[in-house]
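Everything on this sheet refers to the single structure shown next.
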Amino acid sequence: MTKDTLFILDRSYTDDAGRERYCRDCIEVDGLLAMFPELAAKLQIVRVPWAKPRAAVVAALGEDNQNCPALAFAEGGFVNTQDALLEALHQRHGFPIRSS
């Protein structure tokens, strides 16, 4: 990898009851990417399906680390909790800090 890679879930899925659902953390990150496209361009963004196993995530982070969103660092290592991911996007790529 030459860029940090952001793994983010597809927009939504339909649950067993027929309701469309989304991931609130992925939606937050998606909004951040949309508001700051010049910063998003610094990342490799990989959209992954909801169903596990998530092959691209497993290949990069291992089977035990499939939750998304996740940010894999170009030099190795990753974050896959929302607060750590947002902080890494700020520190490594200049995204603004979340206010609350």
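The values are calculated or read from the model by the stated rules, or taken from the named source; none is laboratory data. Please read these numbers as outputs of a predicted model, since none were measured by experiment. A quick note on method: Cβ atoms are made from the backbone with ideal geometry, for glycine too, and the neighbour counts reach across all protein chains shown.
Residues being in contact with a strand residue (DSSP E or B) (Cβ under 7 Å, 6 or more places away or on another chain) and surrounded by fewer than 16 Cβ atoms within 10 Å (Cβ to Cβ): count how many of those fall in segment 35-44.
Going through segment 35-44 one residue at a time, the tally reaches 1.
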Any residue that is under 14 Å from the mean Cα position of the chain (by Cα), in contact (Cβ under 8 Å) with a residue 12 or more places away in the chain, under 12 Å from C26 (Cα atoms) and in a helix (DSSP H, G or I) - is there at least one of those in segment 46-62?
no
Per-region count, segment 63-95, residues of a type in the set (D, E, K, R) and either in contact (Cβ under 8 Å) with a residue 12 or more places away in the chain or touching a strand residue (DSSP E or B) at 6+ places or on another chain (Cβ under 9 Å) (or both):
2
What's the number of the only condition in (1) farther than 22 Å from S12 by Cα; (2) charged (D, E, K, R); (3) modelled with pLDDT under 95 that K52 fails to meet?
(1)
Residue count, segment 1-28, condition touching a Leu at 6+ places or on another chain (Cβ under 7 Å) and closer than 16 Å to H90 by Cβ, comes to 2
What residue, among those in segment 8-34 that are surrounded by 16 or more Cβ atoms within 10 Å (Cβ to Cβ) and of a type in the set (V, I, T), is nearest to I97 (Cα to Cα)?
V29
Can you confirm whether segment 8-30 contains a residue that is in contact (Cβ under 8 Å) with a residue 60 or more places away in the chain, part of a strand (DSSP E or B) and closer than 17 Å to N80 by Cα?
yes
